[in-house]
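Structure incoming, see below.
The values are calculated or read from the model by the stated rules, or taken from the named source; none is laboratory data. From a predicted model like this one, the values you see are computed outputs, not experimental measurements. Here the Cβ positions follow ideal geometry from the backbone for every residue, glycine too, while neighbour counts run over all protein chains shown. Surface areas here come from the heavy atoms of the whole protein model, side chains and all, with no ligands, DNA or RNA. Shrake-Rupley method; radii C 1.70, N 1.55, O 1.52, S 1.80 Å.
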Amino acid sequence: MLKAPRRSQVFDLPIHLCDDYVAWLQSRWQQNLGTHVVTLNSEMAMQAERQPELAAAIRQADLVIPDGAGVIFYLRLRQQRQQRCPGIELASALIEAAGQQSLAEPIAFYGGAPGIAERAAAVWQKRYPHLRLLAFHGYLSAEEAAALEQTLQAEQPRLILVGLGVPRQELWIAQHRRLCPGATWIGIGGSFDIWAGVKSRAPAWWCEHNLEWLYRLYQEPWRWRRMSVLPQFALRALVTAYTPNRRYSSDPPA
Ligand code: UDP
C-alpha cells in the first residue's frame, strides 16, 4: 500500500510531500479516483496572495507538488526534505507510464497557440503509436469550448493536461473536473510549447543550480514583472519559516 503524500504548507497554501508522485497518481488511476494536481512555484504562491480564487483552487486540489526551486528552499528552511518535481517532468512520466501500460482511455492535451498541442501530441504519438491522444488549442471560441466539454465527457480521458498558464488553467480545471471524475488533471503552463519544440527548457546546469527562472527570464524578458515577486517570496520565506503551520479542518488529528 502506497503512503499518501504528507501535507505541509507554503505560507497559507498546501504542499504535498512524497517520494514518488508518479506511483501515487498511478494508484489513484487504478482506484478510479480523480485528482487535480497543482504544480506550485514561488510566482504562483505570490499570485495566490493577490487572487483569492487562485488560492481557493490550490486549496481544493488533491495534490500540490513542488514545481519550483523557491518552494524547495521554503521547505528546507523548515527542515523538510523534498525533491523538486517540475510539472513537465511529472506529466512526461505519466504519459510514459500510460504508453508502457497500453492505457485504453485517451489522454487529452488542452492549451497553447493553435497547432501547438497537436504538434506536442504528434511527438508523443511517434513514441507511443498505440496511445490515443486528443489535442485542443487554448484559444477556443465559445462553441469550440462547448464541443471540447462534450468530447471530454464522452471520451473520459484518464489524463488531462491543461496548458493555459496560471491562473487560467487552475480555475478551468476546478470548474470542469466534474466532467471526468476519474481523471488526473494537471495544469502544465507552457509544456506543450516545449514538447512541440517552439521553446526550450533550461539546460541541466541551470536547473541543477536552481537558476531555471533566470533562463526563462533570458528567453522571455517580458516575464520580469511577474518575476519581480521572487525576492519578496524569498524574504517572506525567511520571515515565516519559523512560525508553526496553520491547521486545516480537513487535516487528520495531530
Ligand atoms: N495560453 C492559452 N490560452 C490563453 C492564454 C495562454 O493556451 O488564453 C497558453 C500559451 O499559449 C502558453 C501557456 O498558455 O502555451 C502559458 O505558458 P506559460 O509558460 O506562460 O505558463 P505559466 O508561466 O503561467 O505556467
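Counting only DSSP beta bridges with both residues in the chain, what percent are antiparallel, rounded to the nearest 5?
Just about 20 percent of them are antiparallel.
In nanometres, what is the gap between the two model label sites at residue 242 and residue 50, each 7 Å from Cα along Cα-to-Cβ?
For the pair residue 242/residue 50, the computed spacing is 3.0 nm.
Here's something else I'd like to know. Counting only heavy atoms of the protein chains, get the accessible area per residue of the chain (1.4 Å probe) and round it to a whole Å² value.
Value for the chain: 50 Å² per residue.
Hey, another quick one. With a 1.4 Å probe and all protein chains left in place, how much of the accessible area of region 32-156 comes from carbon and sulfur atoms, in whole percent?
49 percent
While we're here: Give me the extension gain from residue 220 to residue 141: residue separation times 0.36 nm, minus the current Cα-Cα distance, reported in nm with one decimal.
25.7 nm
Counting only protein heavy atoms, what percent of the accessible surface of region 164-224 is carbon or sulfur at a 1.4 Å probe?
Carbon and sulfur: 60 percent of the exposed surface of region 164-224.
What does the extension gain come out to for residue 7 and residue 32, with contour length at 0.36 nm per residue minus their alpha carbon separation?
Residue separation times 0.36 nm, minus the Cα-Cα distance, leaves 6.8 nm.
Of the peptides 105-113, 232-240, how do they stack up when ordered by the mean number of other Cβ atoms within 10 Å, highest first?
Output ranking for 105-113, 232-240: 105-113, 232-240.
Report the full-extension gain for the segment residue 206 to residue 154: residue separation times 0.36 nm, less the Cα-Cα distance, to one decimal in nm.
Value of the extension gain: 14.5 nm.
Given axes a ≥ b ≥ c from the Cα gyration tensor, I'd like to know whether region 1-77 is rounded (a/c under 1.5), prolate (a/b larger than b/c) or oblate.
Taking the square roots of the gyration eigenvalues as a ≥ b ≥ c, region 1-77 is oblate.
Would you work out if region 100-254 is rounded, prolate or oblate? Take a ≥ b ≥ c from the square roots of the eigenvalues of the alpha-carbon gyration tensor; rounded if a/c is under 1.5, else prolate when a/b is larger than b/c, oblate otherwise.
oblate
Just going by the charge dipole of the chain, with Lys and Arg at +1 and Asp and Glu at -1 on Cβ, which of 195, 138, 74 is farthest out on the positive end?
The residue sitting most towards the positive pole is 74.
Can you tell me the FRET efficiency between residue 77 and residue 228 if r is taken as the Cβ-Cβ distance and R0 is 22 Å, rounded to the nearest 0.05?
0.55
Continuing with the same structure: Provide the packing ranking of 155-165, 176-186, 51-61, i.e. peptides ordered by the mean count of other C-beta atoms within 10 Å per residue, highest first.
For the peptides 155-165, 176-186, 51-61, the packing ranking is 155-165, 176-186, 51-61.
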